[in-house]
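All of the numbers you see were taken from the coordinates with simple rules; none came from a lab. Computed from a predicted model, the values in this text were never measured in an experiment. Here the Cβ is made from the backbone with ideal geometry for all residues, glycine too, and neighbour counts use every protein chain on show.
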Amino acid sequence: MISRVRTALETQQLKLEAQKLVMLLFALYTAIQIAFFKESPIIVGRLVLSLFFLFVIPGWCVLYLWREKIGFFERAVSGTLLFAGIFVLSAYYSGFVGIHIKYSTWIIPFIGYAAFIIQFFASSLHGKVRKH
Amino acid sequence: MKFRIEPEYIFLFVVFTALLFFGLGNLWGHKLSNPAPTGYHASDAFQHQTRALAIKDVGTYVYEPPWIVAGYTDIIGFYPPGLYYLSIALSFVSGLEVYDTIYFAAFLFGILGALTFYHIIKKFNKPVALMSLPLSILIFTGISMVGFTWGAIPSLTAQVLMILTMWVLANVDLKLSWLFLGIALSATVLTHSSELVIAGGFMLFYFIVTLGIHFILKQSKLIQARNMILGGIVFITISWYFILIAQLVWAKLYPFDPRDVWITHGGYPDIFNLSNFGVFQYIIIGGMLAGCYLLWKNKENPPLAILAGFYMLFIGYGNFYGLNYKAFQMRYLWPIYLSVFLGIGFYFLMNLVVKRGQQQIAIVIGIILLILFSGLFPIPNVPQYKILEGQPLDQYHWDVFAWIRENTPKDAVLYFFYGDLYKSNAVLRNTERIHYQVLSHSNPDNTADFLTKLQQGIITRNYDSALLGDCCGAAYPYWKGFANIGFRFQELNRSYFYKPTDICMMDYYIFDKVASQPALAQYNLAIANEMMKSGHFRVVHENPYSVILKNDKPGENCIGNATA
């Protein structure tokens, strides 16, 4: 019973976070389109989706762990930087085993997505964020 | 649970959009996709663009691509490639060119750095954070903008990752923070090594402060201290290889010397000083005094933003104690680091008048500050944004580089005769071929051989030339053995790479037909005509600015002793 309530709460929270992510997507699109108003919306859209696929969503996934203590927007900004860091490290070192950057570019974001799946289903991480 | 749009979000959206609009938007004429590199104002800027392009084509960065290091194939990939990887990934997924995405990434990360620092400030006081953020617009103007357009973008991006390290430290009591700390530090060293010293120094400083609070003030801080130690271990585990390179290459070539005092920034236009904040420097200085008071008042839990502000002020003056020009690079982002003091200064002023609704008033003040700093209304003594429009590399030269990349054998050797553009010789690496360049710069003691021959009106088979590459920063390091690095540029000496060279040995020759001094272009064309007379040269590509000749018999005589 407790676990079902917890799951329902989690799902509700996740829906809200997803809403915020969509809002962020539109906000970022709008900001970039304003800054580069002479550019075609398709190119701007492709760039924004690239940023989301590569850094924003994976970063949000990784920092989902801290959702109880840190607000969405702060996690989205810092998560983007954090995942950019993870991306750089992974892409650089995967080159040493011969993986071309054109492949690792598409693979590495899934580290973030996997981190989210692990958090969502691993009960030991469920909503527990240590604060001392 | 329902999503509500807070006034704070609208404020952040406005600031974010303004920074992007005034920063890269104005530089690029509000176009994202440029026909050629745009806003590249120095050779270093091309150095980064060409290395990113090279990694995109080669796929890895274990070794330097040969055309970047005078043809060697065993030179260690020595330059921290973090920004390059970010730009390549963006390029692959978005379809934009690397020369665009590397700038986009650097500018975007600059803004994200400002927002992350905003959140660090917000942890101790939200109105202070709101009034601090607008100062960040100044990173995209004047001296700070030089950092972006003259090629300090890896340093600036690494500083943003250093801010991320500070942010993780501000949350170091949270679960797995040690892992994120290790990642942030590792990403910093992999983006620009010297920033690691600054980030590591701050972490050590914060660690000592934390221990001091634990042992002297008897506030339990063991978890924080433990996480910082674990973060350090993660960092060393992830980054040992690049730390080794940084140690064996950069630290060896540029040892720390506290007596090394820099007053000017080499060939750079100017230095960022507190006086660049105009009349606002007094509010910032007032904010510093108030910051000391706040640190004392909150000594059991000192605000990290204030500590970071003072630390980066101290680092910014590192030119007086051995940090040389790197200290000046840190000052490029002073509008972010020192913004906390501006916010505190305004907060204390606001407190004298208003006690309630401070957050709303802080947003209003923030918007007013943004308008003031944006330069929409010129006001004396106020630091204001000034527009900088970037010129694109001319299309004709860009076409020449692209033509060579796409139409010549990978092992072709090129020779560039005089071109106004080629003073920034890193741009020539866009050809992705090994290349020589005629030396046309005179110095007070010596007139360039090329110019002497031009004045004498003779054309010869030998000209003083440079076998070009990124020679002089890291001296072409290569592995000699385990943890043992040799430097080809030092071992062979400069004279091996800069010497009289038989120009008939090359495969392709690039002549500019237009120059700021017409005599130089005329001499170029006279040499080209002389080569054509040999019978084994042909024109393979031509446009109104340049012509490319192909030598079908490299090594055979291509020039008699002719007069121009």
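Rounded to the nearest 0.05, the FRET efficiency derived from the C-beta distance between B:Arg494 and B:Asp411 at R0 = 35 Å is 0.90. Listed by Cβ neighbour count within 10 Å, with the fewest neighbours leading, B:Ile198, B:Ile88 appear as B:Ile198, B:Ile88. The HN-Hα couplings worked out from phi for segment B:154-165 by the Karplus form 6.51 cos²θ - 1.76 cosθ + 1.60 (θ = phi - 60°) are x, 4, 5, 5, 5, 5, 5, 5, 5, 5, 4, 4 Hz, whole numbers, x standing for Gly and Pro.
For B:Lys499, neighbours were defined as the other residues whose beta-carbon sits under 12 Å from its Cβ, and their charges (Lys and Arg +1, Asp and Glu -1) total -2. Sorted into 10 angstrom bins from 0, the C-alpha pair distances of chain B split as 3, 16, 24, 24, 16, 10, 5, 2, 0 percent. The 3J(HN,Hα) values that the Karplus relation (6.51, -1.76, 1.60; θ = phi - 60°) gives for segment B:40-56 are, in residue order, 8, 10, 7, 4, 4, 4, 6, 3, 6, 4, 6, 5, 4, 4, 5, 5, 4 Hz. Gly and Pro appear as x. Derived scalar couplings between HN and Hα for segment B:66-80 equal x, 6, 8, 10, 6, x, 5, 10, 10, 7, 4, x, 9, 8, x Hz in order, rounded to whole Hz, by the Karplus curve 6.51 cos²θ - 1.76 cosθ + 1.60 (θ = phi - 60°), x for Gly and Pro. Other protein chain C-beta atoms within 10 Å of residue C-beta, averaged over B:98-104: 1. Bridgeable lysines around B:Lys56 (alpha carbons under 24 Å apart, same-chain partners fewer than 8 residues away excluded): A:Lys102, B:Lys31, B:Lys410. Between B:Gln359 and B:Tyr241, residue separation times 0.36 nm minus the direct Cα-Cα distance comes to 37.8 nm.
Ordered by the number of other Cβ atoms lying within 10 Å of each residue's own Cβ, fewest first, B:Ile75, A:Ile70 fall into the sequence A:Ile70, B:Ile75. Would you mind counting up the charge near B:Ala305? Only other residues with Cβ under 10 Å from its Cβ, with Lys and Arg at +1 and Asp and Glu at -1. Value of the local net charge: +2.
For the peptide A:59-65, the mean number of other protein chain Cβ atoms found within 10 angstrom of a residue's Cβ is 2. Segment A:30-53 and segment B:395-458 have Cα centres lying 37 Å from one another.
GNM remark for chain A: springs join alpha carbons under 10 Å apart, and the peak mean-square fluctuation among A:Phe52, A:Phe37, A:Phe116 falls on A:Phe37.
Cross-link partners of B:Lys221 among lysines, defined as those whose alpha carbon lies under 27 angstrom from its own and excluding same-chain residues fewer than eight positions apart: A:Lys69, A:Lys128, A:Lys131, B:Lys122, B:Lys123, B:Lys126, B:Lys175, B:Lys297, B:Lys299. Taking 26 Å as the limit for the C-alpha separation, the pairs B:Lys423/B:Lys513; B:Lys355/B:Lys386; B:Lys423/B:Lys480 exceed it in the case of B:Lys355/B:Lys386; B:Lys423/B:Lys480.
The dipole here belongs to segment B:417-516: it is taken about the Cα centre, uses +1 on the Cβ of Lys and Arg and -1 on the Cβ of Asp and Glu, and is about 140 debye. Which angle from 0 to 90°, rounded to the nearest 10, does the C-alpha axis of helix A:2-35 make with the longest principal axis of chain A? For A:2-35 against chain A, the angle is about 20 degrees. Near B:Ala448, the amide H atoms lying under 5 Å from its own belong to B:Ser442, B:Asn443; only residues 5 or more places off or on other chains count, and H is placed 1.01 Å from N. Rounded to the nearest 10 degrees, the inclination of helix B:280-297 to the longest alpha-carbon principal axis of chain B is 50 degrees. Per-residue ellipticity at 222 nm from helix content only, as computed over chain B with -39500 (n - 2.57) for each DSSP H run of at least four residues, stands at -16000 deg cm²/dmol.
Need the C-alpha centroid separation for segment B:348-386 versus segment B:41-69, integer Å. With segment B:348-386 and segment B:41-69 each reduced to a Cα centre, they are spaced 43 Å. Charge tally for A:Val88 (other residues, Cβ to Cβ under 15 Å; Lys, Arg +1; Asp, Glu -1): +1.
Each of B:Arg331, B:Arg226 was scored by other Cβ atoms within 10 Å of its Cβ. Arranged with the fewest first, they read B:Arg226, B:Arg331.
For B:Lys553, the aspartates and glutamates whose Cα comes closer than 14 Å to its Cα, not counting residues fewer than 8 places off in the same chain, are B:Asp502, B:Asp507.
The angle between the Cα long axis of helix B:518-533 and the longest principal axis of the Cα atoms of chain B comes to about 50 degrees, rounded to the nearest 10.
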